[in-house]
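K.L.:
Take a look at the following structure, please.
Nothing in this text is a laboratory measurement; each read-out follows from the coordinates by a stated rule. It should be emphasised that the depicted structure is a prediction, and the values quoted were computed from it without experimental measurement. Ideal geometry is used to build each Cβ from the backbone, glycine not excepted, and the neighbour counts take in all protein chains shown.
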Amino acid sequence: MIKNKYIISIGLGLLSSTLFIGCGGSGGSSSNSNTKATISTKNQEVKIDKTASADNFKKVLNDYYNRHCIGIDLDAQFPLYEKINSTGSVEQKYLDLKKLGLIKLSDAKFDINKEYRKRGIINWSDDADKVKMINGKKIELTEKGKKIYKAFSKNEQRSYMKAKFCLANYEVIAVTNYTKPKDFMGMTLSRVNYTVKPTNVISFIDDITKIKSFNYFKDRTIQEVDKRADLVLTEMKGWMHSKEFKR
C-alpha cells in the first residue's frame, strides 16, 4: 500500500494519460476479473458488488451524488465570523446570501486567530497563537438557510470546501463507456464516462441565478452534462468514487 497521499493524488491526476491506453471496457459489458463478495461485520453480512459493469457503476455514482449536491461552496461551517473591510462591510458573497434570506449578519467582536484555526487557514504572524480580538460580523443561518445547508464531517471535507448550500443533485442517467479495470500505483481503477441530469432543484433557484455571483448555476441546474470519474475498487466497500477514497 502506498502511504504517501501526495504521490497517490498526483497519480490519480495522471489517469487521463494512462487508463485509456490498451483498455477496452464499454457501457454494455462487464469485466470477469471482479466478482460479488460478502463482508462479515459484527452485526450483519454486507454484500459487496465488485463487478465492473455499467449498471454497478451507475449505482455507485448515484450513491456518490446523493451525498454531494450541486451548491454554493462555503469555506467554513456556521456560525462563522468575518472581519469587516474598509467600507464597514463583508465579502460580497455573504451580502448576496443575506439578500437571499439564507444568512443573517450581526455586529460582533471575535478572536481572528481562533477563526483562522477553525477554517484551517495558515497564519504566519508572530501572534498567531495568541488571542487577537477584532470588530467584525457574526454570520448565522436563517431558518430558510438551514433547510438547504449541508455541513460535512472532517472525513468528507475537501481542502476548498467544508459546507454547502445545496441547490440540486445530479442523477446519472446513463453510463456511456468505461475502461477495463487496471492496476495503477497499487490500486485497481476504472475510468467511467457518463451523463447526468439535475434533480431535486430548490424552488427558489431563479432568485439565486438572478444574482450575478451565482448566475452560473442556471445552466448547472437545467442541463444534462457529460462527465467522467475515476472509480477505485476497494476490498471493504467495492467500487467508490476516487474523491471519496481516503488517501
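K.L.:
Divide the volume of the convex hull of the Cα atoms of the range 107-201 by its number of residues and quote the answer in cubic angstrom per residue.
P.N.:
Measuring per residue, one finds 161 Å³ for the Cα hull of the range 107-201.
K.L.:
Stretched out fully, how many nm does the piece from F78 to N123 gain, at 0.36 nm a residue minus the Cα gap?
P.N.:
Details: separation 45, 0.36 × 45 = 16.20 nm, distance 2.07 nm.
Once the chain is fully extended between F78 and N123, it gains 14.1 nm.
K.L.:
In the range 104-206, which trypsin sites (Lys or Arg not before Pro) fall in coil by DSSP and have 16 or fewer other Cβ atoms within 10 Å?
P.N.:
Taking the range 104-206 and a limit of 16 other Cβ atoms within 10 Å, the loop trypsin sites (Lys or Arg not before Pro) found are K130, K132, K154.
K.L.:
Cβ under 14 Å from T176's Cβ, T176 left aside: what net charge do those residues give with Lys, Arg +1 and Asp, Glu -1?
P.N.:
Details: positive: K58, R191, K197, K227, R228; negative: D55, E224, D226.
Here the charged neighbours net out to +2.
K.L.:
Let's test the formula: R0 of 22 Å, r as the Cβ-Cβ distance of K138 and K218. What FRET efficiency results, to the nearest 0.05? List each step's numbers first, then the result.
P.N.:
Details: r = 31 Å, r/R0 = 1.42.
My answer for the efficiency is 0.10.
K.L.:
Quick one: dipole size for the range 76-150, taken about the Cα centre, charges +1 on Lys/Arg Cβ and -1 on Asp/Glu Cβ, in debye to the nearest 20.
P.N.:
Once rounded to the nearest 20, the dipole reads 380 debye.
K.L.:
If you take every residue apart from V196 with its C-beta less than 9 Å away from the C-beta of V196, what net charge results, scoring Lys and Arg +1 and Asp and Glu -1? Provide the component values of the computation, followed by the final result.
P.N.:
On the way: positive: K197, K227; negative: E171, E224, D226.
Counting the neighbours of V196, the net charge comes to -1.
K.L.:
Shifting gears a bit: Efficiency by 1/(1 + (r/R0)^6): what FRET value for M185 and V131, r their Cβ-Cβ distance, R0 = 30 Å, to the nearest 0.05? Please list the in-between numbers first.
P.N.:
Working: r = 45 Å, r/R0 = 1.50.
Once the sixth-power term is evaluated, E becomes 0.10.
K.L.:
A further question on this structure: Within the range 72-107, list the residues whose amide N lies under 16 Å from a label point set 7 Å along Cα→Cβ of V225.
P.N.:
Flagged as within label range: 72-74.
K.L.:
Let me ask another. Would you mind computing, in nm to one decimal, how far apart the modelled labels at K146 and T87 are, each placed 7 Å from Cα along Cα→Cβ?
P.N.:
It works out to 3.2 nm between the two label points.
K.L.:
Evaluate the range 76-150: find the radius of gyration of its Cα atoms, find its Kirkwood radius, and give the ratio Rg to Rh.
P.N.:
Details: Rg = 13.2 Å, Rh = 13.2 Å.
Expressed as Rg/Rh, it is 1.00.
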